[in-house]
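Please read the structure below before turning to the comments.
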Amino acid sequence: MARRKRMQYDPPGQQKRRRRRGAPQGADHIFLSRRMLVAKTGVVAAFSALASRLGYMQLAKGEAYKRDAKENVSKEDVLPAPRGVIRDRRGRMLAQNRRAWEVRLIKGNLPDPDADAEGRRRVLDMLISALQLEDVLVIKPAAVPTPSKSTVYRRVAKMMKYDEVTAAETIQGWNELDDSNLILVARLTIDDAAWFRANLPSLPGVLVMNEVDYLVENAWAEQVPIIVKTDVPREVALKLEANSTYLPGVEIDDSGLAREYLGGEVMSHVMGYMQPINKASLEDLKNRDENNQRIYTATDFIGQEGLERALEPELRGIKGRRFVEVNATGVVLRTIPNTERAAVPGQNLRLTIDLELQNATAKALEAAIRAAAKGKQKVNKQRVKERKGEWKTPNAGSAVAFDPRTGEVLAMVSYPYYDNQLFITGISSRKWKEYTTPSRGNAFLNRATGELYPPGSTFKIFLAASALHHGSMKPDTTHVCRGAVRVPNTWNLSEGSNFACWVGWNGQEHAELDLYGAIAQSCDVYFYNV
């Protein structure tokens with residue numbers, strides 16, 4: 001049987017002695033020692049980096065992380081202040097508050113548009129579908145070529161069917177907002193949105209997008225909540241809350257207070273309306289209290305027009321604050337003791353206006369406008385036959401009733417009206433277009449306070465009262481009206497100007513009248529003499 005060759009075995013001691021004697025080391029031994037050196041170096045470097053990082057976090061950034069950890073378990077909670085209610089002179093409620101659901105959006109918490117564009121689009125589309133949000137027409141000033149800016153603006157104003165005055169004022173407003181990211185032009189119906197999209201190639205810088213896309217793109221801070229819609233139906237809000245896992249960045253709040261107007265449209269100009277606060281008002285230096293704390297936050301509503309704006313400081317109240325403990329998912333566990341400050345409600349108002357008289361005045365004004373329009377239409381038919389220009393048919397007016405003993409305003413109506421509740425629940429593009437169309441009277445204009453009118457024949461009553469008070473005439477004093485009165489020039493009495501009575505334009509006259517007859521006939525010549 002053949003003998004097997006045995007492998008040579010060198011004890012470790014002999015290997016060391018052999019190396020000391022200068023014997024060459026094997027290649028496998030050299031490889032193992034280099035690998036071990038690299039491994040040991042890597043382990044030492046890793047532990048050194050870990051030790052350095054721990055030292056930096058505990059020593060240099062220790063206080064900052066301690067503060068962040070505290071904020072993770074506690075946060076400041078703002079308590080809204082109930083807005084003051086408004087009643088008429090008899091105590092009937094005109095404006096009050098009620099709890100409402102609100103949908104908000106935090107731009108910074110949405111899926112990253114670069115890493116997950118589909119996820120971001122899915123979240124926004126779910127909001128559009130659930131809240132029935134409409135498309136809007138916007139202008140991006142930075143994308144409008146400077147040489148063509150005036151042309152583009154004029155084309156947009158023409159497509160919006162603005163008259164010359166409205167177009168000029170609107171274009172001036174767009175030019176003043178030239179440094180804005182996006183300028184909201186109008187809300188669009190489905191048909192209008194399709195029509196504008198077809199014309200976009202010839203309108204550089206003009207965009208049609210959904211309202212929520214406009215809000216997100218125009219947001220000026222990543223973590224400031226954007227109010228998407230207020231007074232959302234309960235079932236819709238609960239549906240969104242149930243799907244909150246799939247809606248990052250979306251917040252549902254049921255602690256909001258929605259304004260409710262109970263006086264009807266006839267009180268719209270007196271009351272005004274509420275709107276979300278804008279960036280300019282939020283950054284205004286007046287948005288600070290005596291403790292240098294912000295009065296308004298980005299999710300607040302602020303009064304616009306009417307009493308809501310004029311008496312905003314009295315109506316808004318003072319917000320409360322508290323600190324609460326929350327868990328990792330943001331659920332409030334408890335209120336931290338001795339940190340709660342209750343909200344102070346706004347002041348309640350009681351007006352001198354009588355709602356019943358306001359409604360009666362509104363009906364009388366509407367009837368008078370219809371009668372005036374009907375009479376003007378008859379005159380226009382005759383003027384068309386005579387090939388003369390047509391007079392404008394009246395479609396608006398105002399009426400104010402005072403108590404002459406106290407100066408109290410008992411009724412103040414401006415026609416046409418608008419529904420101020422729509423600014424809380426959401427105004428549609430159809431309604432917005434109806435309210436802003438000049439041919440329909442421009443409903444947002446309060447003609448009782450926002451326009452200047454010549455006093456006309458109403459001044460005759462005050463002139464008569466003043467003359468009677470000073471004794472310069474009596475009720476039976478008479479004057480003759482021949483259709484006009486001639487007033488000579490002071491520098492040449494042989495020359496002068498003729499001032500006609502309103503009947504004198506048709507070649508008629510009032511003849512002799514006393515004060516009562518002059519008031520009844522509204523005779524201009526009589527009061528020229530007075």
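The values are calculated or read from the model by the stated rules, or taken from the named source; none is laboratory data. These numbers come from a predicted model, not from an experiment. Note that we place each Cβ from the backbone using ideal geometry, even for glycine, and neighbour counts take in every protein chain shown. Remember, those area values only see protein heavy atoms, side chains included, never the ligands or the DNA or RNA. Shrake-Rupley method; radii C 1.70, N 1.55, O 1.52, S 1.80 Å.
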Say we look at region 404-425 and pick out the residues that are buried (at least 19 other Cβ atoms within 10 Å of the Cβ) and small (Gly, Ala, Ser); which of these is nearest to the chain's Cα centre (by Cα)? SER414
Residues of region 147-164 classified as within 25 Å of the chain's Cα centre (by Cα), exposed (fewer than 15 other Cβ atoms within 10 Å of the Cβ) and touching a residue at least 12 places away in the same chain (Cβ under 8 Å), total: 3
Only one of (1) part of a helix (DSSP H, G or I); (2) under 23 Å from the mean Cα position of the chain (by Cα) is not met by LEU133, so which one is it? (1)
Output for region 468-509, where each listed residue is of a type outside the set (Val, Ile, Thr), part of a strand (DSSP E or B), in contact with a helix residue (DSSP H, G or I) (Cβ under 9 Å, 6 or more places away or on another chain) and open to solvent by less than 70 Å² (accessible area, probe 1.4 Å): HIS479, CYS481, ALA484, ALA500
Being among the β-branched types (Val, Ile, Thr) and either closer than 12 Å to VAL138 by Cβ or open to solvent by less than 50 Å² (accessible area, probe 1.4 Å) (or both) is the filter here, so list the residues in region 167-210 that pass it. THR170, ILE171, ILE183, VAL185, THR189, VAL206, VAL208
Selection status of ALA342, under 17 Å from the mean Cα position of the chain (by Cα) and hydrophobic (A, V, I, L, M, F, W, C): no
Contact list please: Cβ distance under 9 Å, first residue in region 166-177 and over 12 Å from VAL156 (Cα atoms) and assigned to a helix (DSSP H, G or I), second residue modelled with pLDDT of 85 or more and of a type in the set (Ser, Thr, Tyr), pairs at least six apart or on different chains. ASN175/SER150; ASN175/TYR153
For GLU512, indicate whether it is open to solvent by 50 Å² or more (accessible area, probe 1.4 Å), part of a loop (DSSP other than H, G, I, E, B) and not hydrophobic (A, V, I, L, M, F, W, C). no
If I go through region 270-294 residue by residue, how many of them are modelled with pLDDT of 85 or more and outside any strand (DSSP E or B)? 3
Which ones in region 211-225 are closer than 26 Å to ILE424 by Cβ and open to solvent by 20 Å² or more (accessible area, probe 1.4 Å)? GLU211, ASP213, TYR214, LEU215, GLU217, ASN218, ALA219, TRP220, ALA221, GLN223, VAL224, PRO225
Before we move on, is VAL503 without any contact (Cβ under 8 Å) to a residue 60 or more places away in the chain and among the aliphatic types (A, V, I, L, M)? yes
Filter region 226-270 down to the residues that are of a type in the set (A, V, I, L, M), surrounded by 16 or more Cβ atoms within 10 Å (Cβ to Cβ) and more than 20 Å from ILE86 (Cα to Cα) and list them by number. ILE226, ILE227, VAL228, VAL232, VAL236, ALA237, LEU240, LEU247, VAL250, ILE252
Scanning region 282-318 residue by residue, the ones that are open to solvent by 40 Å² or more (accessible area, probe 1.4 Å) and among the hydroxyl-bearing types (Ser, Thr, Tyr) total 1
Only residues that are under 24 Å from THR449 (Cβ atoms) and either surrounded by 15 or more Cβ atoms within 10 Å (Cβ to Cβ) or touching a residue at least 40 places away in the same chain (Cβ under 8 Å) (or both): list them for region 357-392, please. LEU357, GLN358, ASN359, ALA360, THR361, ALA362, LEU365, GLU366, ILE369
For region 436-447: of the residues being crowded, with 16+ Cβ neighbours inside 10 Å and of a type in the set (Gly, Ala, Ser), which is farthest from GLY306 (Cα to Cα)? GLY441
Candidates MET57, MET36, filtered to the one that is within 30 Å of PHE323 (Cα to Cα), modelled with pLDDT of 65 or more and either open to solvent by less than 100 Å² (accessible area, probe 1.4 Å) or assigned to a helix (DSSP H, G or I) (or both): MET57
Determine if region 245-265 includes at least one residue that is basic (Lys, Arg), within 30 Å of ALA130 (Cα to Cα) and modelled with pLDDT of 85 or more. yes
Would you please list the contacts, defined by Cβ atoms under 7 Å and residues six or more apart or on different chains, that run from a residue in region 255-274 that is at positive phi to a residue that is assigned to a strand (DSSP E or B)? GLY272/GLY303; GLY272/GLN304
Across region 450-467, what is the total count of residues that are open to solvent by 90 Å² or more (accessible area, probe 1.4 Å) and assigned to a loop (DSSP other than H, G, I, E, B)? 3
Condition first: more than 19 Å from VAL530 (Cα to Cα) and of a type in the set (Asp, Glu). Now tell me which residues in region 484-511 satisfy that. GLU495
All positions within region 200-242 that are within 18 Å of LYS107 (Cα to Cα), in a loop (DSSP other than H, G, I, E, B) and not aliphatic (A, V, I, L, M): ASN218, TRP220, GLU222, GLN223, PRO225
Going by the conditions given, is ARG370 at pLDDT 90 or above, of a type outside the set (A, V, I, L, M, F, W, C) and more than 33 Å from the chain's Cα centre (by Cα)? yes
Just one of LEU463, LEU493 is more than 30 Å from GLU164 (Cα to Cα) and touching a residue at least 60 places away in the same chain (Cβ under 8 Å); which is it? LEU463
Six or more apart or on different chains, Cβ under 7 Å: which pairs go from a residue in region 98-114 that's touching a residue at least 60 places away in the same chain (Cβ under 8 Å) to one that's open to solvent by 20 Å² or more (accessible area, probe 1.4 Å) and small (Gly, Ala, Ser)? Could you list them? LYS107/ALA219
